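Note sheet for the following structure.
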Amino acid sequence: MSPPSRSVSTDTADITLVAPRLIEQRFRDDGHYGTTAIERNRLARKKVSGGMPCAVMIVIPTELPVDPTAANVDHFRTESTERCIIALAIVTQTAAQSAATKFYFRYYAQAFEVRVFDGEDEAREWLGEVLAREQ
């Protein structure tokens, strides 16, 4: 029997532990992608994980407003250094989001593997494979 899911909502996203060691973070259409919001989401992921390293899937909706200055900060450095994330799957909805996200993670390399996907099913499948290797 799997543990019940745990969720935290911030002003921009809903973060849920959907399975042991697997977090889904869904940005809301009415949210925004800025440095302060990203930090609140990081803290929410930490709370949801209970301090356990997890694989993370972040889903970015098509019309999510992005603060351009957010691209100038390595938002995942703390989680990379502390080894809080096992692997990160980003699900984008547009070619522009995909290209920008891939560029960002080439510039800000992490200690965990990061992949960008067009669909949630493929992202979940990959994260499941990563978690299976970790056991």
q = 0.15 Å⁻¹, the stretch 6-134: log10 I(q)/I(0) [Debye, one scatterer per Cα]: -0.64
Compute the helix-to-body angle for 120-134: its Cα long axis versus the longest principal axis of the chain, expressed 0 to 90° and rounded to tens. 50 degrees
In degrees between 0 and 90, to the nearest 10, how far off the longest principal axis of the chain does helix 35-49 point, with axes built from Cα atoms? 10 degrees
If the elastic network links every pair of Cα atoms under 10 Å, which of Arg77, Arg45, Arg21 fluctuates the most in the Gaussian network model of the chain? Arg77
Can you give the angle from 0 to 90° between the axis of helix 95-107 and the longest principal axis of the chain, with both taken from C-alpha atoms, to the nearest 10? 70 degrees
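Values in this text are rule-based calculations from the coordinates and carry no lab data. The shown structure was predicted, so the numbers you read here are calculated from the model rather than taken from an experiment.
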